[in-house]
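The values are calculated or read from the model by the stated rules, or taken from the named source; none is laboratory data. What you see is a predicted model; the values in this text were computed from it and never measured. Please note: Cβ atoms are built from the backbone with ideal geometry, for glycine as well, and neighbour counts cover all protein chains shown. The accessibility values were calculated without ligands, DNA or RNA, using every heavy atom of the protein model including side chains. Shrake-Rupley method; radii C 1.70, N 1.55, O 1.52, S 1.80 Å.
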Amino acid sequence: MVHYQELKGQRAPPLSLVDHNGQPFEFEPLEGALRTILFFMSGFNTSSLKQVSLVQDLIDERDAAGKAKMQVLGVLNSARNPSKLGDLAHGRGLTYTLLNDPMGVARNAYGAVGERRLTQIVKKTFRLAPELWVDHVTFVIDERGVVRCVQPLSPVM
């Protein structure tokens, strides 16, 4: 399995997921595509919800400053209740796409697997299912489809 830091300088993996409107979404990092910010969230917890709002604030600031458009994708493994993804996007007025990753396909392709950080005590205490172990990681993918920056986020934002 790839670790997220290994992707820096490599072509970003393509993704085929479902967006927050329940529609198929293909991400193919090709030459000439928009610069993309791709970030992973671990669920509907406080830090993920704060992350969603902070990203929207940054988009609003960029738009107000007239900066070049970019694609922003948030990936969440909302297998237990996929409709909550749409509720989150519409309820917060998001202008970017949230993607559902219930099987961990994107998480595994981008190495955003949080298993390394969880101790056995935490796993047993909270009975976290493996599909919920996700690192909060942000990727910047350039116009050529290459991962240029990888930034892990602290668990508490």
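Among the numbered criteria (1) in contact with a His (Cβ under 9 Å, 6 or more places away or on another chain); (2) open to solvent by 20 Å² or more (accessible area, probe 1.4 Å); (3) not hydroxyl-bearing (S, T, Y), which one does Q51 miss?
Every listed condition holds for Q51 apart from (2).
Can you find, within the stretch 1-24, the residue that is nearest to V113 (Cα to Cα) among those that are open to solvent by 100 Å² or more (accessible area, probe 1.4 Å) and outside any loop (DSSP other than H, G, I, E, B)?
Across the stretch 1-24, the extreme among qualifying residues is E6.
Which condition from (1) open to solvent by 40 Å² or more (accessible area, probe 1.4 Å); (2) part of a helix (DSSP H, G or I) is the one that L85 breaks?
(1)
Residues of the stretch 35-72 being under 20 Å from C149 (Cβ atoms), assigned to a helix (DSSP H, G or I) and at pLDDT below 85, which ones?
Hit for the stretch 35-72 is Q51, nothing else.
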